[in-house]
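Participant: Here it is, the structure, as structure tokens.
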Amino acid sequence: MRYALALLGGLAVAGFGASAHAQGKQDFTLVNATGYVISEVYVSPSAADDWEDDVLGKDTMADKETLPIKFSRKEKSCKWDLKVKYEIDNSTVVWRGFDLCEISKITIRYNKQTDTTSASTE
């Protein structure tokens, strides 16, 4: 898999029972439609100097799996970057500048013919 660059963003995976009132406006759902297992997912404010923690922790994200990513209510930034790492070959893909104040879902896909990973948003 080749390293690709596009547009994206996120921060912490949290409890599913939190009310909408307590959630940050940047909350989104990440969908893995690549055909491969993802071993690491990082989301960081676009202005940050580092990737922060892997939101999967010790888990992995299987193909066709969805992952709700929740933010604390105090988080203010709308522009976020996303980085994923594939389990099969440790390659990474990075997207920059997702406006998570406007996006509720990000789906990532891998195209074997072109050897590229892309992201679409809703």
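None of the figures in this text is laboratory data; all of them are computed from the coordinates on show. The shown structure was predicted, so the numbers you read here are calculated from the model rather than taken from an experiment. No Cβ is skipped: glycine too gets one built from the backbone with ideal geometry, and neighbour counts run over all protein chains shown.
Participant: Quick one: order W51, W80, W95 by neighbouring beta-carbon count within 10 Å, fewest to most.
Facilitator: By the 10 Å Cβ count, ascending, the order reads W51, W95, W80.
Participant: Arranged by the count of other C-beta atoms within 10 angstrom, fewest first, what order do V37, V43, V93 take?
Facilitator: By the 10 Å Cβ count, ascending: V37, V93, V43.
Participant: Further question: How large is ³J(HN,Hα), in whole Hz, for each residue of the stretch 75-84 in order, when computed from phi with the Karplus curve 6.51 cos²θ - 1.76 cosθ + 1.60 and θ = phi - 60°, using x for Gly and Pro?
Facilitator: Along the stretch 75-84, the couplings run 5, 9, 5, 9, 8, 9, 10, 10, 9, 10 Hz.
Participant: So, in nm, how far is label A47 from label E102 when the simple model puts each one 7 Å beyond its Cα toward the Cβ?
Facilitator: 1.9 nm
Participant: Please list 3J(HN,Hα) in residue order for the stretch 51-58, calculated via the Karplus relation 6.51 cos²θ - 1.76 cosθ + 1.60 where θ = phi - 60°; whole Hz, with x for glycine and proline.
Facilitator: 8, 6, 8, 5, 6, 7, x, 8
Participant: Mind checking which lysines have their C-alpha under 18 Å from K74, skipping anything on the same chain fewer than 8 residues away?
Facilitator: Counting by Cα, and skipping residues close in sequence, K74 has these lysines nearby: K25.
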